[in-house]
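Working notes, structure below.
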Amino acid sequence: MKKVPFAELTIKKLRVTREDDPLANFPLLKMRGDFNMVNITSLVATVNAARGCAKEHGNVDALTASMFRGWDPGTWPFPYINLNGKFELIDRRHTKSAAESLLIKQAPGAEYVRSVCEEWDFLSLKAVLVLAAIRFNVDGTTNATKDHFVHAVLTVCDIDGLDNTDILLVRGLLDLAGANERYNHKNPITCIENQIIKFDKDLDGSVSMTKNSTDEDFTKVMDNLPSFGDNQVDKDGTKLFTMVADRRFNKRYAWDLLRHIWEAERNGESVRILIRSKSTTARGIRDDRQDLFEKVVEYCNLAYNSYRDFASEAMNESLPSYISGIELPRKGVENLPGEVFILHQLDGEEVPSQVDFLDYYPSVDFNQ
């Protein structure tokens, strides 16, 4: 659709109507009046609590390039709610960032107000806005993912003190968030439900925001971390690497991490590795880390124990019987010279912290 230059943009040139409202089936908010031209600077973009990331760059660069040519008249206007004179965005944070970078003064807006819904009136406005922000991204062209639905519902439960193990409540909240529109099959929704129901704050930690998850944020934070680098050598000769933890590929990443450490050990060098996750949810980051470091421990023990058993057997077979039974000393990843750190990405984490691989050994049940 041909873009309308912002200098010529008026409400009359829009090609969307109230019938196109993405929240038309959302019973907790309704559009007030008609579209209006709103000042970009008056729109307030709060932290992205719905998706679980303090900042998510997303496609700002692409949006900036697109908006340079004008406004797409088929695009839904900026959705916002008036909170005592403060126009808080419900969605479109990336679009606002793009508009600001281009010094655009005004753009179409759509104001929403709380709607009476007896079944869900107990939800706070803050919880309602979290659900609405996810619902705006369920049309299949944007990036509302299973992790985002999980985090949004857990956030709502945390905000309003609701029971995340109540399956009927969880299903109702997911329906409000648009999960049943986003996914046509039962399996992904069941997976989302199970993650929410199984969440235990004592075991999983609090429902928290994430930071430094995007490539843009990672590049910026690395500028302020002189002790770390990507495939570089520090002034003291330490080799510096950055790596990603991702449950989908950690089988390979674990071997890559070990290879860096083993190569440094063989060459008498020191190595420092910084690990980050690209997950946009706190739970995703924790799971990525846990899975990677458990695999590093498992694979290192597999390699060392295999050789240790072979060498012990070969040595004992070659010795006289009266001095046989010699067992070589054990070595694990915790004995290797390399330093492995995790990037600060969760609430309460302010600087990179060193990994203690002993924390990732399988637990032993002494009652068995």
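Restricting attention to region 339-360, and to residues there that are at pLDDT below 90 and in a loop (DSSP other than H, G, I, E, B), which single residue is most open to solvent (accessible area, probe 1.4 Å)?
Among them, the one singled out is GLU350.
Every residue in region 82-127 that is among the β-branched types (Val, Ile, Thr) and either within 16 Å of ASN39 (Cβ to Cβ) or at pLDDT 95 or above (or both), please.
THR95, ILE104, VAL113
I'd like the full set of residues that are open to solvent by 10 Å² or more (accessible area, probe 1.4 Å), of a type in the set (A, V, I, L, M, F, W, C) and in contact with an Asp or Glu (Cβ under 8 Å, 6 or more places away or on another chain), limited to region 115-131.
Matches in region 115-131: PHE122, LEU129.
Listed here are the residues, each with its yes/no results for (1) among the acidic types (Asp, Glu); (2) without any contact (Cβ under 8 Å) to a residue 40 or more places away in the chain; (3) not in a strand (DSSP E or B).
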position	(1), (2), (3)
LYS235	no, yes, yes
PHE241	no, yes, no
ARG252	no, yes, yes
LEU258	no, no, yes
TRP262	no, no, yes
ILE273	no, no, no
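Inside region 85-114, can you point out the residues that are open to solvent by 20 Å² or more (accessible area, probe 1.4 Å), among the polar types (S, T, N, Q) and under 20 Å from MET31 (Cβ atoms)?
GLN106
Looking at region 176-192, is at least one residue over 30 Å from LEU23 (Cα atoms) and not in a helix (DSSP H, G or I)?
no
Out of region 164-182, which residues are more than 16 Å from LYS146 (Cα to Cα) and of a type in the set (Val, Ile, Thr)?
Once the filter is applied, which keeps residues that are more than 16 Å from LYS146 (Cα to Cα) and of a type in the set (Val, Ile, Thr), region 164-182 yields THR165, ILE167.
Looking at region 148-174 only, could you name the residues that are within 22 Å of the chain's Cα centre (by Cα), closer than 20 Å to ASP121 by Cα and part of a helix (DSSP H, G or I)?
Listed by number, the residues that qualify are ALA152, VAL153, LEU154, THR155, VAL156, CYS157, ASP158, ILE159, VAL170, LEU173, LEU174.
The values are calculated or read from the model by the stated rules, or taken from the named source; none is laboratory data. Being a predicted model, the structure only gives us computed values, none of them experimental. Cβ atoms come from the backbone with ideal geometry, glycine included; neighbour counts cover every protein chain shown. These accessible areas exclude ligands, DNA and RNA; they are computed on the full protein's heavy atoms, side chains included. Shrake-Rupley method; radii C 1.70, N 1.55, O 1.52, S 1.80 Å.
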